[in-house]
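These notes concern the structure reproduced below.
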Amino acid sequence: MAVLGTGIMGAAMARSLLRAGLAVNAWNRTPSRAEPLAADGARVTATAAEAVEDAGVVLTMVHDGPAVLEAVRAAAPGLRPGTVWLQSTTTGLDALPALTAFADHHGLRYVDAPVLGTREPAENGRLTVLAAGPDDVRERLAPVLDAVAARVRWLGDRPGDATRLKLVCNCWVLAVNHGVAETLALARGLGVDPQEFLDAIAGGGLDMGYLRMKSDVIRSGDFTPAFAVRTAEKDARLIVEAGRAAGVRTDVTAAGAERFRRAAELGHGDEDMAASYYAGFEGAPGSPGR
């Protein structure tokens, strides 16, 4: 199979596929991002077209809809009719018509398959895959999905249904992330020890594992990206656009997109999205501390 896009998520998924014993051709627009996969057993190719030659399944995991279209257009000379295209990039709804039109034109079996999860579950093959596509490709995809996912939720055969659910799920994820970041920034500003806050809500209905995880990121100052600020901003804006088209105001997500923008402007764009913490300060707050 072929993996087009070897950033944080694509590379981790490729490694899960390789551990499962699947042959993987890997390509990335920036070749240096794909080269480390050679040590894991992938065949790293110079072109997208070379990567997809003879591939029964093509997985795309890049930044956004335009990047997906750019990747598959580059791959077009090597694509064969009947190839299953597992499209896992979070693209939003506006990109879908162009992607499905490309699939139809080239005779590809298109599966709308965004994922829930970040770097660690991707590395461990424990993602949740939301999938919408033809029933008759499920058996062909089973080894691939078994390798990368702990759960697969099939949502029918209409492309876009999985993307819609992904946007809803991400709306919640981003809201919780900002809630943690803003709360800990306020604690710092008011001179409250974050541990006092965590102890105050421990074991109650407002406590949750995600709060603890993102609090640890912020308090340690280690913002190694599980999901980067720039990507989170992109997803937030896709949610706002989808909501607007549906007549729904997503005010919290819109404000969150602005927080991500400010964090990126402050130099945190490639850090974990918990770095939206820094958007809560007028100046540089220094190390978050404990």
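Under the condition of being within 20 Å of the chain's Cα centre (by Cα) and touching a residue at least 40 places away in the same chain (Cβ under 8 Å), the residues counted in the range 207-229 number 9. Annotation: of all residues in the range 133-155 being open to solvent by 100 Å² or more (accessible area, probe 1.4 Å) and in a strand (DSSP E or B), the one that is farthest from Tyr110 (Cα to Cα) is Arg151.
Counted as qualifying within the range 1-116 are the helices (runs of 4 or more DSSP H) with 1 or more residues that are under 21 Å from Glu233 (Cβ atoms), of a type in the set (Val, Ile, Thr) and open to solvent by 20 Å² or more (accessible area, probe 1.4 Å), namely 8-19.
Quick grid of which residues meet (1) more than 27 Å from Ala254 (Cα to Cα); (2) polar (S, T, N, Q):
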{"residue": "Gly117", "(1), (2)": "no, no"}
{"residue": "Asn124", "(1), (2)": "yes, yes"}
{"residue": "Leu127", "(1), (2)": "no, no"}
{"residue": "Asp135", "(1), (2)": "yes, no"}
{"residue": "Val144", "(1), (2)": "yes, no"}
{"residue": "Ala147", "(1), (2)": "yes, no"}
{"residue": "Leu155", "(1), (2)": "yes, no"}
{"residue": "Pro159", "(1), (2)": "no, no"}
{"residue": "Ala162", "(1), (2)": "no, no"}
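For every residue, the table says whether it meets (1) over 25 Å from Gly189 (Cβ atoms); (2) charged (D, E, K, R); (3) without any contact (Cβ under 8 Å) to a residue 12 or more places away in the chain; (4) in contact with a strand residue (DSSP E or B) (Cβ under 7 Å, 6 or more places away or on another chain).
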| site | (1), (2), (3), (4) |
| --- | --- |
| Thr231 | yes, no, no, no |
| Ala236 | no, no, no, no |
| Ala245 | yes, no, no, no |
| Asp251 | no, yes, yes, no |
| Ala263 | no, no, no, no |
| Ser276 | no, no, no, no |
| Gly283 | no, no, yes, no |
| Pro288 | no, no, no, no |
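For residues in the range 181-198 being touching a Phe, Trp or Tyr at 6+ places or on another chain (Cβ under 8 Å) and without any contact (Cβ under 8 Å) to a residue 24 or more places away in the chain, which is farthest from Ala232 (Cα to Cα)? Checking each candidate, the answer is Ala187.
Being of a type in the set (Val, Ile, Thr) and within 20 Å of the chain's Cα centre (by Cα), is that true of even one residue in the range 130-138? No, the conditions are met nowhere in the range 130-138. If I ask for residues that are more than 20 Å from Phe227 (Cβ to Cβ) and among the polar types (S, T, N, Q), which ones from the range 39-90 would you list? Once the filter is applied, which keeps residues that are more than 20 Å from Phe227 (Cβ to Cβ) and among the polar types (S, T, N, Q), the range 39-90 yields Thr45, Thr47, Thr83. Those helices (runs of 4 or more DSSP H) of the range 182-290 in which 2 or more residues are surrounded by 21 or more Cβ atoms within 10 Å (Cβ to Cβ) occupy 209-220, 229-245, 251-263.
Listed by first and then second residue, the pairs linking a residue in the range 32-47 that is among the basic types (Lys, Arg) to a residue that is open to solvent by 70 Å² or more (accessible area, probe 1.4 Å) and at pLDDT 95 or above, with Cβ atoms under 8 Å apart and 6 or more places separating them unless they lie on different chains, are Arg43/Ala23.
Here Leu86 meets the list (1) among the aliphatic types (A, V, I, L, M); (2) over 22 Å from Glu139 (Cα atoms); (3) under 17 Å from the mean Cα position of the chain (by Cα) almost entirely, failing just condition (2).
The values are calculated or read from the model by the stated rules, or taken from the named source; none is laboratory data. Since we're looking at a predicted model, the values are computed, not measured. No Cβ is skipped: glycine too gets one built from the backbone with ideal geometry, and neighbour counts run over all protein chains shown. Only protein heavy atoms, including side chains, enter the accessible area calculation; ligands, DNA and RNA are left aside. Shrake-Rupley method; radii C 1.70, N 1.55, O 1.52, S 1.80 Å.
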